[in-house]
2 protein chains.
Amino acid sequence: MNHPARIAQTALYQEVAERLRQRIFSHELPPGTWIDEQALAVDYGISRTPLREALKVLAAEGLVTLKPRRGCYVTEISERDLDEIFPLMAMLEGRSAFEASQKAKAEDLIRLESIHALLEKYAAIGDKEGFFDANQEFHRTVQELADNRWLLQVIQDLRKVLKLTRLHSLSLEGRLQQSLAEHRAIMAGFKARDAARAEKAMHDHLLSGREALARLYAREAAEGARSAKAA
Amino acid sequence: MNHPARIAQTALYQEVAERLRQRIFSHELPPGTWIDEQALAVDYGISRTPLREALKVLAAEGLVTLKPRRGCYVTEISERDLDEIFPLMAMLEGRSAFEASQKAKAEDLIRLESIHALLEKYAAIGDKEGFFDANQEFHRTVQELADNRWLLQVIQDLRKVLKLTRLHSLSLEGRLQQSLAEHRAIMAGFKARDAARAEKAMHDHLLSGREALARLYAREAAEGARSAKAA
DNA sequence: GCAAATAATACGTTATCCATAATTATGAAT
DNA sequence: ATTCATAATTATGGATAACGTATTATTTGC
């Protein structure tokens, strides 16, 4: 088949990897799902070759697991994995805040503050989605200011894995005010040009996120048990 | 071509990836080298398909860089990269020592001490190779005791990248005694069951390694300049 | 000697085929 | 009916050949 429509800026396997990533993150392909190579190739209208290359890439990222001769499955993350990853992320994002605080110029702080202002705004009107987006933007900006390629790489790799959990985007549920308070502490560290303080505040912010997630899981497990008893 | 000789325990692309890794680590394929897909496929007696898959995996690990439409090159690591990676590694291996110290049982400490005894022995007789191997074993064991899959993963990924630098295995050159002293400090932290102390000692040990490497580079650069002037 | 045109090279992709391992379905025997 | 062995099915891992195209190298023309 000929595809003159493709301008081929980026390789096809990369586009496919990205499409799959999004489907995994959105839980259209939940953890444990078997990925049918042939069916997917037909679905995407491509050959198996670039698809298989894409799957290798996703496997290296930890998003899928390739079982020899048994195919490809979306990776399942356990509670233990979360207990291991969050403290790691806390340390790494803390370090990121530390370096960002050291390297930030006055104008960078202004930019960071303007993003923080969005957090304040969305929290005030209770806009969870807006808060979530601004939160992401805040963390992204801190990492940009840290300007450390390898630190960024490691953080992004782990974040991808975290996005495998469905509740990730819901971790703000019921703790908007607490998250905001934590962000104020981070921002205060930056404004005081106190890198160690920014680091600790960011670190604690991440650990707090883990606790919120644990509570959500616990609640869900309880509800699951209740509905199971009812049935 | 048919290959009935292959028993195919692990996938071919994985074997190829491992072979390439070794060739990269040994600097038979030094940083910057172009990897000729077709020639390599012929050389290994395989088709391009699994070779390309292997290259995708290595690219995800950061060992090679895939330039669209221009092929595959062994990644080149800059001084700046080293300045970013070593503090990261120091933090991560420090954390590893922390967790290992917390989780280690009495028998684990005995095992660790027996490896440390090897370091003492090889340092005493000035056996650099033996010291190097025992050193690797020591770090490997600490990470095993930390028993943290994701921490291990991140550390191993970064270590692979560090192995791109030729001087990595020579970083002990002329600092055997210092490295030994640092290891004694780490061991002391473990024996005192003081996780924070083990963490800091391990952290400082890594940073010290970075400094030694920087001195080696500086010396080499000076020699390079001298021989260039002589020519 | 340099720019433009041309040829060679090799990457990205498709398509097809095949061997082998895994899974499922089938059928016989207890 | 259940168990077990066997056969049929399916999907993965890999090979091969072919092709368009972007890059690089070479030749040509001025």
Cross-link list A:LYS121/A:LYS191; A:LYS67/B:LYS163; B:LYS56/B:LYS121; A:LYS121/A:LYS160; A:LYS105/A:LYS200: which exceed 31 angstrom alpha carbon to alpha carbon?
B:LYS56/B:LYS121
For chains A and B related by rotation, which residue of A has the Cβ nearest the axis, and what is the rounded distance in Å?
A:ALA60, 2
For B:GLU129, label point 7 Å along C-beta direction: distances to other copies, nm
6.5
Please list, by residue number, every one of the trypsin sites (Lys or Arg not before Pro) in the range A:35-105 that is coil in DSSP and has at most 12 other beta-carbon atoms within 10 Å.
A:ARG69, A:ARG70, A:LYS105
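In µm²/s, what is D for the protein assembly as shown at 25 °C and 0.890 mPa s, where D = kT/(6 pi eta Rh) by Stokes-Einstein and Rh is the Kirkwood radius from Cα pairs?
Details: Rh = 24.9 Å.
D, rounded to a whole number, is 99 µm²/s.
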Where in the range A:123-151 is the amide nitrogen less than 12 Å from a point lying 7 Å along the Cα-to-Cβ axis of A:ARG219?
none
Its Cα gyration tensor gives chain A an equivalent ellipsoid whose semi-axes in whole Å, largest first, are 34, 25, 16
For the range B:138-196 versus the range A:166-184, the gap between their alpha-carbon centres in whole angstrom:
36 Å
Which of A:THR49, A:THR75, A:THR165 ends up with the largest GNM mean-square fluctuation for chain A, with Cα atoms connected below 10 Å?
A:THR49
Between A:ILE35 and residues 5 or more places away or on another chain, the pairs with built amide H atoms under 5 Å apart involve A:CYS72, A:TYR73, A:VAL74
In nm, one decimal, shortest first: how far is the label point of A:GLN178 (7 Å from Cα along Cα to beta carbon) from the matching points in the other copies?
4.6
Which helices count as membrane-span-like in chain A under these terms: full DSSP H, at least 30 Å along the axis by C-alpha, Kyte-Doolittle mean of -0.5 or more?
A:79-103
Taking a label point 7 Å out from Cα toward Cβ, give me the nm distances from A:ARG23 to the same spot in the other copies, shortest first, one decimal.
3.4
Mean separation of Cα contacts under 8 Å (at least 6 apart) over the residue count of the range B:115-193, i.e. the relative contact order in percent, is 39 percent
The exposure ranking of B:ILE110, A:ILE24, A:ILE77, fewest beta-carbon neighbours within 10 Å first, is B:ILE110, A:ILE77, A:ILE24
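Got the relative contact order for the range B:1-112 handy, in percent, Cα pairs under 8 Å and 6 or more residues apart?
Working: 73 pairs, mean separation 27.1, N = 112.
Normalised by residue count, the contact order of the range B:1-112 is 24 percent.
Most exposed first by the Cβ proxy, i.e. fewest other Cβ within 10 Å, how do A:GLU99, B:GLU18 rank? Let's see the in-between values first.
Details: A:GLU99 22, B:GLU18 14.
Fewest to most other Cβ atoms nearby, the residues stand as B:GLU18, A:GLU99.
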Can you tell me which aspartates and glutamates have their Cα less than 17 Å from the Cα of A:LYS128? Leave out same-chain residues fewer than eight positions away.
A:GLU120, A:GLU137, A:GLU173, A:GLU182
Length gain on complete extension for the stretch B:ARG166 to B:ARG80, per 0.36 nm per residue less the alpha carbon to alpha carbon distance?
29.4 nm
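Values in this text are rule-based calculations from the coordinates and carry no lab data. As the structure is a prediction and not an experimental result, all values here were calculated from the model. Glycine also receives a Cβ, built like all others from the backbone with ideal geometry; neighbour counts cover every protein chain displayed.
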